[in-house]
Every structure is written in C-alpha cells, then in structure tokens.
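Read through the structure below, which is laid out as structure tokens, and then see the notes.
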Amino acid sequence: MNPGNAASLSLERAPDHPPLRLRARRLQVYALLLLSIFTRLNHERAPMKLFTHRDFVFTLHGVVYLRYNSFATPHDLKKQVCAYNPTRFEIGLVYFARTVRSVAFAPQLRELIINMGMFDCVTADICCRC
C-alpha cells in the first residue's frame, strides 16, 4: 500500500468497512442477487426497456454519488458493481432513453425505488433485529 494514498488508508482503518477480502467473498452472492434483480425488473429473459432504461445510482465510500447509470445487460451491471465496489446502490426510475448524465431526462415510469445498503446487515446483532 502506498502511504501517500489517503483514500486507501482511510478505507482500511474505517471501522464500519469490512476488510476487502471479506467483501470479495461476498461478491459471488452479490452477483446472484444482481441477476435476481434483473429478472424481477425486466420480466423477460432478453433485456427490455424496464431494465436497459432504468437509472442505477452508486454510492462510493459514503460520499461519492454516481447517478444516471444504465446497462444493456445484467452482466454489464455486475461488471460495473464489481469495478466500483459501492457501499450502496439504488435502483431508480425508468426513463424514455438510456440514461447518460443529463438533466433533460424525464421519468417515464414511477414505481417503488429499492435502496440497498451494503453494510445494513454486517453485524450479527443487526441481523437479529431484522
């Protein structure tokens, strides 16, 4: 580790972030969850507008928000989630076109927005409360 890299240093010392090795093991389960999300959102085997025109928002390390992400396939979503390693992500609205960082988009379909935190059930006492 480069001692001059403050981002990696603060991430390793942050008490609420599990070690990256543990998170890597969880990514396999996470990938299955993403494919299940695709099946629920898309309603078809081939990617349709319910999935490809949907906005996904990623939160990186609790402070950086990446909005207006859309994906052609569930594998693209999985690849991006593995690359970003977000602390949370949101499954948002369906737009009339694939989202690209623009304010010109108006939602075409509004529905329940699912907000999933990666650290909501990290400790056992939190899971006992669910």
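If you take the residues in region 58-71 that are more than 15 Å from Gly92 (Cβ to Cβ) and surrounded by 13 or more Cβ atoms within 10 Å (Cβ to Cβ), which one is modelled with the lowest pLDDT? This residue is Gly62. For the residues Asp76, Asp55, the requirement of being within 19 Å of Leu33 (Cα to Cα) and either surrounded by fewer than 15 Cβ atoms within 10 Å (Cβ to Cβ) or of a type in the set (A, V, I, L, M, F, W, C) (or both) singles out Asp76. Residues in region 72-81 include none that are modelled with pLDDT under 85 and part of a loop (DSSP other than H, G, I, E, B). Scanning region 29-68 for residues that are within 15 Å of Thr99 (Cα to Cα) and of a type in the set (S, T, N, Q) yields a single hit, Thr52.
The values are calculated or read from the model by the stated rules, or taken from the named source; none is laboratory data. It should be emphasised that the depicted structure is a prediction, and the values quoted were computed from it without experimental measurement. Cβ atoms come from the backbone with ideal geometry, glycine included; neighbour counts cover every protein chain shown.
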